[in-house]
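Below you'll find the structure, written out as structure tokens, and then a few comments.
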Amino acid sequence: MVKPIIAPKQGIILISEPSLRDFYFRQSVVLLAEHNEEGSFGVIINKPIEVRLNEVLKDLPDFDAPVFLGGPVKTDSLFFIHTRKNVANSLRIMEGLYWGGDIQIIRKLMKSHKLSMNEIRFFIGYAGWNPSQLDREISERSWVLSHTTARDVIASQPEHLWSNYLKNMGKDYAIWANFPSDPTMN
């Protein structure tokens, strides 16, 4: 049985192939927030870094959320995805998941303790592609595409996402799940 090909589009995840050795994208899962003729962008959702939100932004209410490495573009900026549809100026990525929005609303939700860490993720940088660049990388087999849900993106244990998605894609991909991050150490 041949699996249908999934086209890149908003809300699809990109799973790096084991041969992709790039520092940012090795064993990564990228959520596409946008994909059109002008290009593509998203965030790496499975790479938490050793920094907490209140270390990055000192003027936020106490909210000890983890911060993730979102990608190689604009690594001096903080981005976020969330599950709150009432945040003004958010971009809907998929059912129940949004990109960015009014940070003042986020601050108020944090301050009033009406926002949990299972509803929001913060990223340093993002992943971006010029027009047709992502399509070329997909044709070169750097990425496998899959569907996901807001719950999987936000509530998952990020360190296991890459291997879990591969295992769930069937036996053809499950063998990759045990691929070492550095094959020279095998």
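Derivation of every value follows stated rules applied to the coordinates shown; laboratory data play no part. Predicted model, so just to flag it, every value in this text is computed and none were measured. Note that we place each Cβ from the backbone using ideal geometry, even for glycine, and neighbour counts take in every protein chain shown.
Can you list the aspartates and glutamates whose alpha carbon is less than 20 Å from that of Lys9, not counting same-chain residues fewer than 8 positions off?
Glu17, Glu34, Glu37, Glu38, Glu95, Asp135, Glu137, Glu140, Asp152
Can you tell me which lysines have their Cα less than 23 Å from the Cα of Lys111? Leave out same-chain residues fewer than eight positions away.
Lys58, Lys85
Return a whole-number percent for the relative contact order of the chain, with Cα pairs under 8 Å and 6 or more residues apart as the contact set. Don't skip to the end; give the middle numbers.
Working: 356 pairs, mean separation 49.3, N = 186.
Relative contact order, the chain: 26 percent.
Compute the length gained on full extension between Arg52 and Arg26: take 0.36 nm times their separation in residues and subtract their Cα-Cα distance, giving the result in nm to one decimal.
Length gained, Arg52 through Arg26: 7.1 nm.
Which residue, chosen from Met110, Thr75, Val30, occupies the Cα position most advanced towards the positive end of the dipole of segment 13-185, where the dipole is computed from +1 (Lys, Arg) and -1 (Asp, Glu) charges on Cβ about the Cα centre?
Met110
Charges only on Cβ, +1 for Lys and Arg, -1 for Asp and Glu: so what's the dipole of the chain about the Cα centre, in debye to the nearest 20?
Numbers: 21 positive and 21 negative charges, 100 e Å.
Approximately 480 debye in magnitude.
Mind giving me the nanometre distance, one decimal, between the label points for Asp59 and Gln104, set 7 Å out from Cα along Cα→Cβ?
In this crude label model, Asp59 to Gln104 measures out at 1.2 nm.
Report the gain in length on full extension from Met117 to Lys74: 0.36 nm times residue separation, minus Cα-Cα distance, nm rounded to one decimal.
Contour length minus Cα-Cα distance gives 13.1 nm.
Could you calculate the contour length gain from Ala7 to Ala88, that is, 0.36 nm times the residue separation minus the distance between their Cα atoms, to one decimal place in nm?
26.2 nm
Tell me the label-point distance for the pair Arg136, Glu34, using the 7 Å Cα-to-Cβ offset, in nm and rounded to one decimal.
Result for the modelled spin labels: 2.1 nm.
So, by mean Cβ neighbours within 10 angstrom, what's the order for 28-34, 134-140, 95-101 with the highest one leading?
My ranking of the peptides, most packed first, is 28-34, 95-101, 134-140.
Quick check on the chain: helices-only [θ] at 222 nm, where DSSP H runs of length 4 and up contribute -39,500 (n - 2.57) each and the sum goes over total residues. Nearest 500, please.
Computed mean residue ellipticity for the chain: -5000 deg cm²/dmol.
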